[in-house]
Amino acid sequence: MTLGDELDLILERRDRGTMQPTIDALLPYYAAHPENARVLYEVGGAYDTAGQEDIARGFYEKALAAGLEGDLLRRCYVQYGSTLRNLGEYEASLEVFRAARAVFPGSPALGAFEAITLHAAGRSDESVASLLDLVVTFVHAPDIERYKEAINGNAAHIRALDDENS
């Protein structure tokens, strides 16, 4: 069984309501593979789910530095940016989401969590405008397509309100 398979098995068995057993199962892998990007990310995620964002943050930062790639990188950006938001570090969270969206422009999840951070930072108009941008970009329904120009115009207007209040 590969390291990835072993990690997958641990994560399949986790109980998100009681994360300590998952953390306990992952820590020996961290001890054996302290520089492995996936191990670092999964340990961070377990601490994050357990509500221990202060610990998760360090693991996410190490995972990013260790070279996460692909979907794991995208997921780490979502979780790390959210962790920073939960720690009250809104500008750092927004920086993570800006960087992540440059790498993964096709990820609506990154945009949604960025909007949550904007709202938490008191930038509600920009948050709503960002969500409207996501609707126009990622929701492909006839009635959205019909009103795409109007939705874009409203997003621009709402975003300008935030700029006026800054």
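What you get for the chain, charging only the Cβ of Lys and Arg (+1) and of Asp and Glu (-1), is a dipole of about 120 debye around the Cα centre. Taking 0.36 nm per residue of sequence separation and removing the Cα-Cα distance, the H157/M1 pair yields an extension gain of 50.7 nm.
How would you classify the stretch 92-165 from its alpha-carbon gyration tensor, with a ≥ b ≥ c the square roots of the eigenvalues: rounded for a/c under 1.5, else prolate if a/b is greater than b/c, otherwise oblate? Taking the square roots of the gyration eigenvalues as a ≥ b ≥ c, the stretch 92-165 is oblate. When only Cα pairs below 8 angstrom with a gap of at least 6 residues are kept, the chain shows a relative contact order of 13 percent.
Its relative contact order, with pairs defined as Cα atoms under 8 Å and 6+ residues apart, puts the stretch 100-166 at 30 percent.
From least to most packed, judged by other beta carbons within 10 angstrom and beginning with the fewest, R98, R75 follow the order R98, R75. Residues D48, D133, D24 in ascending order of nearby Cβ atoms (within 10 Å, fewest first): D24, D133, D48. Rounding to the nearest 10 and keeping the result within 0 to 90°, find how far the Cα-based axis of helix 124-138 lies from the longest principal axis of the chain. Tilt relative to the chain: about 80 degrees. Each other residue within a Cβ distance under 14 Å of Y77 adds +1 if Lys or Arg and -1 if Asp or Glu, for a net charge of 0. As a ratio to 2.2 N^0.38 Å, the alpha-carbon radius of gyration for the chain is 1.19. If R0 equals 35 Å, the separation of the Cβ atoms of L9 and L87 corresponds to a calculated FRET efficiency of about 0.70. Note on the stretch 1-68: Cα convex hull, mean projected area over all directions, 4.1 nm². Between E69 and A120, the FRET efficiency estimated from the beta carbon spacing at R0 = 22 angstrom works out to 0.15.
Each value in this text was obtained by applying a stated rule to the coordinates, not by laboratory testing. Just so we're clear, the structure is a prediction, and the values are computed from it rather than from any experiment. Neighbour counts run over all protein chains shown; Cβ positions are idealised from the backbone, glycine included.
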